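In what follows, a single structure is set out as structure tokens and then discussed.
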Amino acid sequence: MGKYRTVPGVSSAAVNDVPILEFDPDRSAIIEPSHWHDPVEGIASRAVITWMADVFDDFIASTEVVERHRFVAESADVPIYEATVDGERLVVVRADIGGAISAGILEVLIAIGCRTFVAVGSSGGLTDRHPPGTVVVPDAAIRDEGVSYHYLAPGRTVHQDPGVQGALRAALDDAGLPHVGGAVWTTDALFRETPQRVTTRIAEGAVAVDMEAASLAAVATFRAVRLGHAVYIADTLHGDEWDSTALVNPDTGFRRRLLAAAIRACLDA
């Protein structure tokens, strides 16, 4: 866990040889989301976050939507839409890949008034038991990233909301999309998924790797909102070589069904 050391003028309990372990439980930050984003009157309380750009664009083009807010910061320009599905309203957002920006988008959604979330995207598969196209509804996310350590005390895993995960499993069943449990390993380092790292994660129950699950679950836990998460296996890391077939040539029809199931779960949760 690292060692604490002495820095003049700073509590010895606040300084660690490993900075990521210097958790500060103070719930007030210098910049709060509410300083930047006001509540949006009447905004739907339920929201789906996805990284699947193709089917998100299809959904926006084919569904009655209204832009209710926008998150703009340097290169980020994220429209936040409200959609009507089967007579029910919910928010839909496309996030960029990575825990930091995805956590920021979740923070904005919470600040404007959303309280129940489903996140859905792709992942890498870690074992040959689960081929590309397998949906994972995780039991936990392994915190091998940075964002979660600013929201929760250091620890190995963080969990999604069990009720929302249950709604996701039910919606996937109704859609005829097989799914499995297990942990998702969240990492910041796309190009540092080494053989030893993969072996270690498999040994502790990981079946897939992504870049957002632990970060989003930590924000949701800290802010006391409900968040579920599902990923499908696109590429695989368990063979002699990386197989990116389903990642570079995604099955758009399958992804549409997955997004529709996530929306249904969010409305039902």
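The values are calculated or read from the model by the stated rules, or taken from the named source; none is laboratory data. All of these numbers come straight from a predicted model, not from anything done at the bench. All Cβ positions, even for glycine, are placed from backbone atoms using ideal geometry, and neighbour counts span all protein chains on display. Remember, those area values only see protein heavy atoms, side chains included, never the ligands or the DNA or RNA. Shrake-Rupley method; radii C 1.70, N 1.55, O 1.52, S 1.80 Å.
Below is a table of values for the structure above.
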{"quantity": "For peptides 24-36, 112-124, 128-140, sequence by mean Cβ density within 10 Å, most packed first", "calculated": "112-124, 128-140, 24-36"}
{"quantity": "Gap separating the Cα centres of segment 166-231 and segment 102-160, nearest whole Å", "calculated": "5"}
{"quantity": "Amide H partners (placed H, <5 Å) of Asp139, local residues excluded", "calculated": "Gly182, Ala183, Val184"}
{"quantity": "Accessible area per residue, Å², the chain with all protein chains present, probe 1.4 Å", "calculated": "48"}
{"quantity": "Cβ crowding within 10 Å averaged over residues, with 78-91, 253-266, 194-207 ranked highest first", "calculated": "253-266, 78-91, 194-207"}
{"quantity": "Segment Asp96-Glu32, length gained on full extension (0.36 nm per residue, minus Cα span)", "calculated": "20.9 nm"}
{"quantity": "Length released on extending from Asp251 to Leu190, taking residue separation times 0.36 nm less the Cα-Cα span", "calculated": "19.7 nm"}
{"quantity": "Part-to-part distance (alpha-carbon centres) for segment 42-92 and segment 250-269, which is given in Å", "calculated": "14"}
{"quantity": "Cα pair distances exceeding 14 angstrom across segment 208-251, given as percent", "calculated": "59"}
{"quantity": "Gained length - Asp268 relative to Ala61, 0.36 nm times residue gap less alpha-carbon distance", "calculated": "72.2 nm"}
{"quantity": "Within the chain, helix-based [θ] at 222 nm, where runs of 4 or more DSSP H residues each add -39,500 (n - 2.57), nearest 500", "calculated": "-9000 deg cm²/dmol"}
